[in-house]
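Each reported figure results from applying straightforward, stated rules to the coordinates on display, with no laboratory input. All figures in this text were calculated on a predicted structure; none of them were measured in a lab. For neighbour counting, all protein chains shown are included, and Cβ atoms are generated from backbone atoms with ideal geometry for every residue, glycine included.
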Amino acid sequence: MSLHDLGAMPDPGKGLLDLLKEACDRLELECGAYAGFNHIDNSVHIAVSYPDAWKEHYQRNNLHEQDPAMLHAQRSQAPVSWSRLVDDPLYDRLFSAAADFGIPETGVTIPVRGPYGDKGLLSGTRKMSSEAWHKHLFRILPSMQVEAALLHDCVMQQGVVMRAINAPSLSLREIEMLQWSAAGKTQGDIADILSISSRTVEVHMRSARNKLGSMTTAQAVARAVGMGIIYPM
């Protein structure tokens, strides 16, 4: 899974980071993180208010691929308290590293499911005793679930951010072939126009269909038009 930092984007991404920090303030959390998942190209888009040193370490070492909280929450409908993860083989590896950067083990991750199959996570942490944390979590959990849903909805409605999460990375050749298909050209026509073999056209078309999550070329063209990747003819 590739990792992309929404906080490093232009204004919409920075706005998301501000919203995340405001949510953490309301929930009396020290740090928070939002993650959105693109099921088409298997990428993760994040915005975090953790210390920069930990964020850089996390991204540099691709720790999102072995983060037990993230992995469990993607498969859960319910909030995932980090204390539930102690038996996971990945737990010590991640949280031992996090402790070196002052990140506590007292935290929770809230999964969000959108109406179009979109998924997001909101995580938050605060340094306190386990007993105090569980009391705090019991108090804020309903509000945190609302904050998670609102934040995810905001992400999905922001044009630049939504394109970052949903737009597959098509090659120029794949886009070109989809555009010719939108113009009504057959696979043979495209091969003749571009002076390449029909098999080469099929290889690129198959790749484009896979990236767009489509079963047929017609579906891929319709999705590409809807996402503004190509233009209707």
TODO: Quick one: how many lysine pairs does the chain have with C-alpha atoms less than 23 Å apart and a gap of 8 or more or different chains? Give me the count, please.
DONE: 11
Task: Theoretical FRET efficiency, 1/(1+(r/R0)^6), r = Cβ-Cβ of residue 86 and residue 207, R0 41 Å, to 0.05 - done: 0.45
Open item on the list: Whole-Hz ³J(HN,Hα) for each residue in the stretch 18-27, computed from phi via Karplus 6.51 cos²θ - 1.76 cosθ + 1.60 with θ = phi - 60°, x for glycine and proline: what do you get?
Closed with: 4, 5, 4, 5, 5, 4, 4, 4, 5, 8
- [ ] Would you please give the residues with an amide H less than 5 Å from that of residue 126, counting only those at least 5 places away or on a separate chain, with H modeled from the backbone geometry?
- [x] 30, 106
TODO: Name the residue, out of 21, 119, 135, whose mean-square fluctuation peaks in a Gaussian network model built on the chain with Cα pairs under 10 Å.
DONE: 135
TODO: Mind pulling the angle between the C-alpha long axis of helix 217-226 and the longest principal axis of the chain? Nearest 10 degrees, somewhere in 0 to 90.
DONE: 60 degrees
Open item on the list: Run the helix sum for the chain: -39,500 (n - 2.57) per DSSP H stretch of 4+ residues, divided by residue count, reported at 222 nm to the nearest 500 deg cm²/dmol.
Closed with: -16500 deg cm²/dmol
TODO: Considering Cα pairs under 8 angstrom that are at least six residues apart, work out the relative contact order of the chain and quote it in whole percent.
DONE: 18 percent
Open item on the list: Here are labelled values, [x] 45; [y] 33; [z] 38, and one is the computed percent of Cα pairs over 31 Å apart for what I pasted. Which one?
Closed with: [y]
Task: Debye log10 I(q)/I(0) at q = 0.20, 0.27 Å⁻¹ for the stretch 177-228, Cα point scatterers - done: -0.62, -1.04
Task: Distance between the stretch 20-83 and the stretch 195-233 - C-alpha centres, whole angstrom - done: 33 Å
TODO: Name the residue, out of 195, 207, 76, whose mean-square fluctuation peaks in a Gaussian network model built on the chain with Cα pairs under 10 Å.
DONE: 195
Open item on the list: For the chain, set up a GNM with springs between Cα atoms under 10 Å and report which of 93, 126, 60 has the largest fluctuation.
Closed with: 60
Task: Fewest-first ranking of 112, 146, using other Cβ atoms within 10 Å as the exposure measure - done: 146, 112
TODO: With a Förster radius of 35 Å, plug the Cβ-Cβ distance of residue 60 and residue 135 into 1/(1 + (r/R0)^6) and report the FRET value to the nearest 0.05.
DONE: 0.50
Open item on the list: I need the calculated FRET efficiency for the pair residue 199 and residue 231, taking r as the beta carbon distance and R₀ as 22 Å, to the nearest 0.05.
Closed with: 0.25
TODO: Using θ = phi - 60° and the Karplus relation 6.51 cos²θ - 1.76 cosθ + 1.60, list the HN-Hα couplings for the stretch 31-37 in order, rounded to whole Hz, with x at every Gly or Pro.
DONE: 9, x, 8, 10, 9, x, 10
